[in-house]
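Let me begin by presenting the structure, written as C-alpha cells, before commenting on it.
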Amino acid sequence: MVEVLKYDIVILGSGLAGLRAALQAAYVSRGRARIAVLSKVQAMRSHSVSAEGGASAVLYPKETGDSIDLHAYDTVKGSDFLADQDAVELMVQMAPQEVRFLERLGVPWSRDEKGRIFQRPFGGMSIPRTAFAQDKTGFFIMSTLYQNVFRFDNVDIYHEHFVTKIIVENDEFKGVTAIDLKTGEFKLFLAKAGIIAAGGAGRLYRFTTTAHSTTGELITFAMRAGAGVKDMEFVQWHPTALVPSGILISEAARGEGAYLVNKLGERFMKNYAPQKMELAPRDIVSRAILIECREGRGFIHEESGMCYVGLDLRHLSEDVINRKLPFIRELAHKYAGLDPLSDLIPVRPAVHYTMGGVHADINGRVLRADGTWIRGLWAAGEAASISVHGANRLGSNSLTECLVWGHITGEEAAKYAMEKPEVSVEGSIIDVAKREESRVFDKLIHKEVNASTPYDIKRELNDIMEEHFGPFREASKMSEGLSKLHRLLERAGSMRIDDSNRVYNQNLKDALEVDGMVELALVVGLGAYARTESRGAHYRLDYPKRDDVNWLKHTVAYLYGGEIQLTYVPVRITRWKPEERKY
Ligand SMILES: Cc1cc2nc3c(=O)[nH]c(=O)nc-3n(C[C@H](O)[C@H](O)[C@H](O)COP(=O)(O)OP(=O)(O)OC[C@H]3O[C@@H](n4cnc5c(N)ncnc54)[C@H](O)[C@@H]3O)c2cc1C
C-alpha cells in the first residue's frame, strides 16, 4: 500500500545544498510552506559533513586587495573557460553574504588575531579567499544549518528515505516516490515544487575521496523524468588522496604551505606550473603526479602496489598544523600510522567531484535538453550543473555553490509553491506510484541463480571506469569501455537481489543505486568519447589540445526512446574571452 503525503516543497537531499534550500524556503514562506527534506542516509551523514578545507568568498577586499571580479576571473580560468560566466558572477557576488549569514547562524569560522574570518589560499585562486573552520568546515556548517532548520515546525526531515522516482506529468513536477528504508513502507510525496540536491557521483569510480552514498542515481532518475544531464565527462581527480585508502588530504595542507615531492626529493610542480606550484588547479596537479609516476619518479606502496608522491608538511610549525590542520594530522596518524611533523604523507589523485549534473539554468531551474523548464523542479549543489565549474572546479567553490544555489532555489521554490493551489491527489499519479512500488518490490527483487548481484555489477562498473575513463583518455580505450558498459547495462536490468525483506533491505537499496549508476556511467563515457579535445579535467592523449572552435560548448545528454542521446548548448560568455591557461 502506498502512503500518500502532501507537501508544498520536497527537497531531495539533506547535504549543504538541501539544508540551505530548506532554511531559505522556510524563511521566505514565513513558516507557511510545508517542506519535506528526504535523505537516503541519516541527514547529518550526508556527504557534505566531510568537507574539510573551506568556502571561497571575497570578505575583506579593502584590506586584502581581493575583488569580486578577481574571484570570478579565477573561477572562469580554472574552469578552462567552460563555466557559464553569468552564473559565476552571480555566485561570487552572493558568496560573501552567505559566509556572513552562516556566521550569524553560529558557524565557528577560524579567525585571525584581529578577529576577522581567516582566509587561506587554495589552488587556482589569486589571493587567499577560502574561509574555513579548522579543517572540518563541512561538519561545522552542516551542524549549524541542521540545528537552525529545527527552529521551523514546517520542515520535516525524512531520514533514510530512498527516492526511487521523480514524477513529472505534462512537463510539470508532481512529486516523488520513496522507500522508508527503516520499515520498507513505500510512500508518495506529492508536492508543488521539488529541489534535487542529491550530491555527486564519485562512486562511479573505485579510488575516490567521496562517501559511499555518493552514487548519483538521482541524476539518472532526473534524466528518466525528462531532464537533460550536462557535462558529465568532466570528472575531477583531487591530487592528494591518502594511499592506499583514498581518504582526502585537503588542499588546505598545500594552502598552508605543504610541498609535493617525488622520490628524488624534488618539488616537481616547478616543471608543470612554475608560478603557482602546488597551488595550481587540481586538473594540472593531478596530471603532474600521474606523469611523475609514469616516468618512474614516484614511490611505490608495498601492499597495494600503488604509485604515489609525498606531501611534505615537515617545514610547517607544529602550532600551524595543530591549529589549522588538526584533522589532517589525525587522518595521517590513524590511517597511515605516521606523523606529518616528521613523515611525508603518501598521496595520489582520486576521483573527488562531479562537475556535471542535472542541466539547470542560472536560477537552478531544471531544463530539458531543448532548454525548456520542467515546471516546479529545481536543482542545486553538486547534483546540478548550472554551470559554475565548467571543465574543472576550483577547490572551495563547491561549498559556496551549494550555499548560493541552496538559497536561490529554496527562495524560488517557496515563492512558486505559495502561489500554486493546494496539491490535489490525482488518480493517475497514485497509479504511477503503485506501478513504481511493483517495479521495486516485485520486479527488482528476484533470485535467479545465474544473475549478477548489485555488488558484481558495481565492481565491474568501477573496473571499467578506472580503466577506460580515467584521467588520461583515448578513443580506442573508451570505445572498448562503452561496449562493456552497454553489456553491463543489460545485466543490470536483471540483477539478483537475495534479500526479499522489506525492513532495512540494504541489498535492495544497493541495487537501486546501481540501477542508476550504470546509465550515468554511460553518460560520462559517451560525452568523453564524443569530446575530441582536452579541456580541464577531461584529458585526451589523442587530442591533447583545447579546441575552442569546435568544443566551446556544453554536452547535454537526454533520453530519447530509452536511448541516451547527446546534444550541445553554447557556453555563456559575458566578459572573459577564452585564453591559454598558464599558472
Ligand atoms: C572529502 C571531501 C572534502 C571536500 N571538501 C570541500 C571543501 O572544503 N570545500 C568545497 O568547496 N568543497 C569540498 N568538497 C566538495 C563538497 O563537499 C561537495 O561538493 C558538497 O558537500 C556537496 O553537497 P551537496 O549538498 O550537493 O550534496 P551531499 O552533501 O552529497 O548530499 C547529498 C544528499 O542527497 C541524498 N540523496 C542522494 N541520493 C538519494 C536518493 N536516491 N534518495 C534520497 N536521498 C538521496 C543524500 O542522502 C544526501 O543527503 C569536498 C569533497 C570531498 C569528497
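The values are calculated or read from the model by the stated rules, or taken from the named source; none is laboratory data. The shown structure was predicted, so the numbers you read here are calculated from the model rather than taken from an experiment. With ideal geometry, Cβ positions are generated from the backbone for all residues, glycine too; neighbour counts draw on all protein chains shown.
Are any of the residues in the range 292-305 in a loop (DSSP other than H, G, I, E, B) and buried (at least 24 other Cβ atoms within 10 Å of the Cβ)?
The first filter runs over the range 292-305 and keeps only residues in a loop (DSSP other than H, G, I, E, B), leaving 295-298, 301-305.
With the extra rule that they be buried (at least 24 other Cβ atoms within 10 Å of the Cβ), the set shrinks to none.
Checking the range 292-305: not a single residue is in a loop (DSSP other than H, G, I, E, B) and buried (at least 24 other Cβ atoms within 10 Å of the Cβ).
So which residues in the range 23-55 are near the ligand (Cβ under 7 Å from one of its atoms) and not aliphatic (A, V, I, L, M)?
Our first condition is that a residue be near the ligand (Cβ under 7 Å from one of its atoms); within the range 23-55, this holds for 38-41, 43, 46-48, 50-55.
If the condition is that a residue be near the ligand (Cβ under 7 Å from one of its atoms) and not aliphatic (A, V, I, L, M), then SER39, LYS40, SER46, HIS47, SER48, SER50, GLU52, GLY53, GLY54 are the ones that fit.
Which one of these is free of Cβ contacts under 8 Å to residues at least 60 places away in the same chain, crowded, with 16+ Cβ neighbours inside 10 Å and in a helix (DSSP H, G or I): LEU70, LEU90? Break it down stepwise before answering.
Details: LEU90 fails: free of Cβ contacts under 8 Å to residues at least 60 places away in the same chain.
The unique qualifying residue is LEU70.
Name every residue in the range 352-398 that is part of a strand (DSSP E or B), within 9 Å of the ligand (Cβ to nearest atom) and not small (Gly, Ala, Ser), in order of residue number.
If the condition is that a residue be part of a strand (DSSP E or B), within 9 Å of the ligand (Cβ to nearest atom) and not small (Gly, Ala, Ser), then HIS352, TYR353, THR354 are the ones that fit.
Looking only at the range 462-508, count every residue that is of a type in the set (A, V, I, L, M, F, W, C) and in a helix (DSSP H, G or I) and tell me the total. Lay out the reasoning, then the answer.
Here is the first cut: in the range 462-508, the ones of a type in the set (A, V, I, L, M, F, W, C) are 464-465, 469, 472, 475, 478, 482, 485, 488-489, 492, 495, 497, 503, 508.
Next cut, in a helix (DSSP H, G or I) only: 464-465, 475, 478, 482, 485, 488-489, 492, 508.
So the answer is 10.
Which members of the range 211-250 meet the condition of being closer than 25 Å to VAL440 by Cβ and among the hydroxyl-bearing types (Ser, Thr, Tyr)?
Within the range 211-250, SER213, THR214, THR215, THR220 qualify.
So if I check each of THR177, THR144, which one is at pLDDT 95 or above, among the polar types (S, T, N, Q) and crowded, with 21+ Cβ neighbours inside 10 Å? Step through it out loud before you land on a result.
Values: THR144 fails: crowded, with 21+ Cβ neighbours inside 10 Å.
After ruling out the rest, the residue left standing is THR177.
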